[in-house]
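Below: the structure, in C-alpha cells.
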Amino acid sequence: MSISIVLLPCTGRIEEAVLLRAFEKGADGVMVIGCLEGDCHYVNGNIRARARVGRVAGILETIGFGPERVRMYNLSAGEGAAFARFTGEFVDQVQTLGPSPINLARGQQNQESTEEVAAT
Amino acid sequence: MITGTPKPIEEILEMIEPYEKIIVAGCFGCVTVCRVGGEKEVQVLASTLRLAREAGGRPLEIREVCLERQCDPEYLDPMRPYVEDYQAVLSIACGAGIQFMAEKFARTPLLPGINTGFLGVTERQGEWAERCQGCGDCVLHLTGGICPVTRCAKSLFHGPCGGSVGGICEVSRDVPCGWQLIIDRLKALDQLENYGKLKPYKGWSSARDGGPRRIIREDMI
Ligand code: SF4
C-alpha cells in the first residue's frame, strides 16, 4: 500500500472538505498528524483538527465507509520513530478494512468496461 | 439570525435519488454564521453526496455554489444562465431563500438540505436559542428586553402561569420561566411599573395569525 504525505503548516488548516476530498481522489484512509496537544504553534490548531477529524469520521460512518478510515495522531516534530510506528499502524488498519467503497465501485466499473472492450 | 440544522444525509440522499446532475447552493447570510449552509458546508455536503452516490454505483455530478444571499433577487440572477443545465437545486439556505429560488427558477425542482429553525442568538459556539417570533408589534421596551411572546412557552402577556415553579417553566426543566426573567430584570432595572403598562390585550393580526405577512415601505419604493 502506498502513502502520500501532504505537508501543511498546521493541522488547523485542515477542513472537513479537504479530508473528504482525499477520499474522492481515491484514498482508502487518511491519517492526520498534528503536534502534541498543548504544543500548537497557532494555539489550538490541533484541537480544531481533532474535532474536524471526528466530524469526518461521523460522515464516513453515515455513508457506510466506516469511521476507522480517518484518524488523528499527535507527535512532536522530533519523533521520527513514532511517526513510522503510527504510519505502520494506520496502514495495517486500512489494509484490514480493504479498499474504500468508492474504490471498489470504481474497480468494478473498470472491470466492466474492460470486459466490454474485450467483448467488442 | 435565522438558525437551522442539517437534514440527515439519508434523507437528502433519498431526495436526490432521481437525479444525476444537481447544484448544491449555499448562502453567505445567516446560515453561514450558524454553520449550516455556508461555503464550507456546501463543500462538505457535496463531497459526502458524491462519495455516497459513487460508492453506490450511481455517480452524481454537482456544481457547488454559494450566493451572497438567497433571499434577494440580485444574487439569484447570476444562476439563471446555468440553472437549467441541472436537474435540481439542493439549497442549504433557510426556507425563505429556498422558496425565493423556487419562485425565480420555475422549471427547476428545489430541495431543502436543512431544517430551518428560528430567529435566535448564538449563546455559545454550537448552541443557539430562540429570541424573537416576529410578532410585528414589539414590546421589549416594557419587558426589560425579554420577549414574552418567545420566552414564555404560552406567549402570555400578563405574568407567569401556574406552571412556573422556582423560576422554571413547566414545559421543561431546561426552560426558564420567561415571566420570571422579565420580572427579575424589571426589578433590577427599577422599572417594575412597566409591567402595568402592557396593553390589556395584544393584537395578533400583525403576527402570523394574520396570514402570510408583507412589509411595504413606501419611502423605499
Ligand atoms: S415582542 Fe414581538 S417583535 Fe418583540 S421580540 Fe417578542 S416576538 Fe419579537
GluC sites (Glu not before Pro), restricted to region B:1-79: which are DSSP loop and have at most 15 other Cβ atoms within 10 Å? B:Glu20, B:Glu68
Of B:Ala93, B:Ala46, B:Ala55, which has the largest mean-square fluctuation in a 10 Å C-alpha GNM of chain B? B:Ala55
For region B:78-172 the GluC sites (Glu not before Pro) that pass both the DSSP coil test and the at-most-15 other-Cβ-within-10 Å test are B:Glu84, B:Glu170
Sorted from largest to smallest, which semi-axis lengths in Å does the alpha carbon gyration tensor of region B:176-217 give for its equivalent ellipsoid, taking the root of 5 times each eigenvalue? 29, 12, 11
Short to long, in 10 Å steps from zero, the percent of alpha-carbon pairs of region B:2-128 per bin is 14, 48, 31, 7, 0
Setting aside same-chain residues fewer than 8 positions from B:Lys199, which lysines have a Cα under 27 Å from its Cα? B:Lys154, B:Lys187
Enter the mean projected area of the convex hull around the alpha-carbon atoms of the protein assembly as shown, in nm², rounded to one decimal. 25.8 nm²
Overall dimensions of chain B as given by Cα atoms, namely Rg and Dmax in Å: 21.7, 69
Using a Gaussian network model on chain B with a 10 Å cutoff between Cα atoms, which of B:Cys132, B:Cys30, B:Cys161 fluctuates the most? B:Cys161
When the convex hull of the C-alpha atoms of region B:36-106 is computed, what volume per residue in Å³ does it have? 86 Å³
Highest GNM mean-square fluctuation among B:Val83, B:Val165, B:Val139, for chain B with Cα springs under 10 Å, belongs to B:Val165
Which translational diffusion coefficient, to the nearest whole µm²/s, is obtained for region B:137-200 from the Stokes-Einstein equation, given a Kirkwood hydrodynamic radius over C-alpha pairs, 4 °C and 1.567 mPa s? 111 µm²/s
Restricting to Cα pairs below 8 Å that are 6+ residues apart, what does the relative contact order work out to for chain B? Please round to a whole percent. 17 percent
List the trypsin sites (Lys or Arg not before Pro) in region A:24-120 that DSSP assigns to loop (not H, G, I, E or B) and whose Cβ has at most 14 other Cβ atoms within 10 Å. Which are they? A:Lys25
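Since every read-out is calculated from the coordinates, none of them should be taken as a lab result. What you see is a predicted model, and the numbers here were worked out from it, not measured in a lab. Note: ideal-geometry Cβ built from the backbone for every residue, glycine included; neighbour counts use all protein chains shown.
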